[in-house]
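J.: Below you will find the structure I want to go over with you.
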Amino acid sequence: MTLEIQVLTVFPQLFETFLDTAFVGQARAKGLATVEVHDLRGWAQDRHRSVDDTPYGGGPGMVMTPEPLIPAIEALAGPLGPDRACRVVALSPQGRRLDQAGLERLGAERSLLLVCGRYEGIDQRVLDLAVDEEISLGDYVLSGGEIPAMAVIEGLVRLVPGVLGNPESAQIESFGGDLLEGPQYTRPPDYRGRRVPEVLRSGDHEAIARWRRAEALQRTRERRPDLLGRRGSDETES
Ligand code: 9D3
């Protein structure tokens, strides 16, 4: 089951090394995922290859016009309408915030078109006519949807069976959203006087598991109490 991803952007070159590197590169080499990046300017009609125009009602910046965007989306995802074979996702600050459950839902699609917003945003008629959903990475300001699209691609590719070298790691993380991980250590055992906790070198696997669980709980309480939710902050489980 190959994951087919297309990207529509005014900065296709941003994706070049990303797509050839690490798990994304390996997944593409193995044929587990395909990623095609398309330059929106290829659909521009005028001499200046415009993709944006000034906002009606005034205000700063520019807005992405439907004129190249809609034909581009139709060409890449098929004619507008409910039974399009390809799900069209726009990356925009107005979108629903992505989390692991959202990634898993997207990963169930066979074919995705990621539309990267730029400038002040996308003309509403494009979103109404041609986009199935809008996704944001979170409440901070970036300059466009390209970095968020890469985050979505990376998150999706590692969900494809066979992409991760170690098939267990995806499994372990599917408990994710549950607790933060505690501290991790590798050699040397003493680095500038800071020693690795003795329990990790003890070989006592039960003691190690208890210690890790306690550290994970403590860290989650301190940094992300929202993840503990109704389990509450008084959890004493060891
Ligand atoms: C007038 C206020 N704006 C500019 C400061 C709104 C605005 C428009 C366009 C803010 C950001 C952007 C460009 N960002 C994205 O396209 C984007 C984004 C983001 O900025 N943060 C988190 N996720 C995403 S997904 C796409």
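J.: Away from the ligand (no atom under 14 Å from the Cβ) and modelled with pLDDT of 95 or more: is that true of residue 90 in this structure?
T.: Values: away from the ligand (no atom under 14 Å from the Cβ): no; modelled with pLDDT of 95 or more: yes.
It is false that residue 90 is away from the ligand (no atom under 14 Å from the Cβ) and modelled with pLDDT of 95 or more.
J.: Still on this structure, I have one more. Regarding residue 142, is this residue surrounded by 13 or more Cβ atoms within 10 Å (Cβ to Cβ) and either in a strand (DSSP E or B) or in contact with a strand residue (DSSP E or B) (Cβ under 7 Å, 6 or more places away or on another chain) (or both)? Reasoning before the result, please.
T.: Details: surrounded by 13 or more Cβ atoms within 10 Å (Cβ to Cβ): yes; either in a strand (DSSP E or B) or in contact with a strand residue (DSSP E or B) (Cβ under 7 Å, 6 or more places away or on another chain) (or both): no.
It is false that residue 142 is surrounded by 13 or more Cβ atoms within 10 Å (Cβ to Cβ) and either in a strand (DSSP E or B) or in contact with a strand residue (DSSP E or B) (Cβ under 7 Å, 6 or more places away or on another chain) (or both).
J.: Can you tell me which residues in the stretch 53-69 are away from the ligand (no atom under 16 Å from the Cβ) and either over 26 Å from the mean Cα position of the chain (by Cα) or open to solvent by 20 Å² or more (accessible area, probe 1.4 Å) (or both)? Steps first, answer last, please.
T.: Applying the first criterion (away from the ligand (no atom under 16 Å from the Cβ)) to the stretch 53-69 yields 66-68.
Matches in the stretch 53-69: 66, 67.
J.: Can you pull out every residue in the stretch 93-130 that is near the ligand (Cβ under 10 Å from one of its atoms) and either polar (S, T, N, Q) or open to solvent by 30 Å² or more (accessible area, probe 1.4 Å) (or both)?
T.: Passing the criteria: 93, 94, 97, 98, 118, 119, 120.
J.: Let me ask another. Just to be sure, is residue 133 out of contact with any Ser or Thr (no Cβ under 9 Å at 6 or more places or on another chain), in contact (Cβ under 8 Å) with a residue 12 or more places away in the chain and open to solvent by 60 Å² or more (accessible area, probe 1.4 Å)? Steps first, answer last, please.
T.: Details: out of contact with any Ser or Thr (no Cβ under 9 Å at 6 or more places or on another chain): yes; in contact (Cβ under 8 Å) with a residue 12 or more places away in the chain: yes; open to solvent by 60 Å² or more (accessible area, probe 1.4 Å): no.
In short, no.
J.: Among 235, 215, 181, 173, which is the only one that is over 30 Å from residue 16 (Cα atoms), modelled with pLDDT under 95 and surrounded by 10 or more Cβ atoms within 10 Å (Cβ to Cβ)? Give the derivation first.
T.: Working: 215 fails: modelled with pLDDT under 95; 181 fails: modelled with pLDDT under 95; 173 fails: over 30 Å from residue 16 (Cα atoms).
Of the residues listed, the single one that is over 30 Å from residue 16 (Cα atoms), modelled with pLDDT under 95 and surrounded by 10 or more Cβ atoms within 10 Å (Cβ to Cβ) is 235.
J.: Can we say residue 19 is under 15 Å from residue 131 (Cβ atoms) and open to solvent by less than 20 Å² (accessible area, probe 1.4 Å)?
T.: Details: under 15 Å from residue 131 (Cβ atoms): no; open to solvent by less than 20 Å² (accessible area, probe 1.4 Å): yes.
For residue 19, the condition - under 15 Å from residue 131 (Cβ atoms) and open to solvent by less than 20 Å² (accessible area, probe 1.4 Å) - is not met.
J.: Tell me, yes or no, whether the stretch 155-167 has at least one residue that is of a type outside the set (Ser, Thr, Tyr), in a helix (DSSP H, G or I), away from the ligand (no atom under 16 Å from the Cβ) and at pLDDT below 95.
T.: As a first pass, look at the stretch 155-167 and keep what is of a type outside the set (Ser, Thr, Tyr): 155-167.
When the remaining residues are screened for being in a helix (DSSP H, G or I), the result is 155-157, 167.
Going one step further and asking which of them are away from the ligand (no atom under 16 Å from the Cβ), we end up with 157, 167.
Filter again for at pLDDT below 95, leaving 167.
Yes: the stretch 155-167 contains one or more residues that are of a type outside the set (Ser, Thr, Tyr), in a helix (DSSP H, G or I), away from the ligand (no atom under 16 Å from the Cβ) and at pLDDT below 95.
J.: If you don't mind, there's one more thing I want to ask. Restricting to the stretch 41-52, what's the tally of residues that are in contact with a helix residue (DSSP H, G or I) (Cβ under 6 Å, 6 or more places away or on another chain) and either open to solvent by less than 30 Å² (accessible area, probe 1.4 Å) or over 18 Å from residue 144 (Cβ atoms) (or both)?
T.: In the first step, residues of the stretch 41-52 are kept if they are in contact with a helix residue (DSSP H, G or I) (Cβ under 6 Å, 6 or more places away or on another chain); the result is 43-44, 49, 51.
Subsequent filtering for residues that are either open to solvent by less than 30 Å² (accessible area, probe 1.4 Å) or over 18 Å from residue 144 (Cβ atoms) (or both) retains 44, 51.
Total satisfying the criteria: 2.
J.: A further question on this structure: So for the stretch 76-89 (the condition being in a helix (DSSP H, G or I), open to solvent by 70 Å² or more (accessible area, probe 1.4 Å) and either among the basic types (Lys, Arg) or at negative phi (or both)), does at least one residue qualify?
T.: Initially, the stretch 76-89 is screened for residues in a helix (DSSP H, G or I), giving 76-77.
Subsequent filtering for residues that are open to solvent by 70 Å² or more (accessible area, probe 1.4 Å) retains none.
No.
The values are calculated or read from the model by the stated rules, or taken from the named source; none is laboratory data. Model, not experiment: these values are computed from the prediction. Neighbour counts are summed over all protein chains in view; Cβ atoms, including those assigned to glycine, are modelled from backbone coordinates with ideal geometry. With ligands, DNA and RNA removed, areas are computed over all heavy atoms of the protein, side chains included. Shrake-Rupley method; radii C 1.70, N 1.55, O 1.52, S 1.80 Å.
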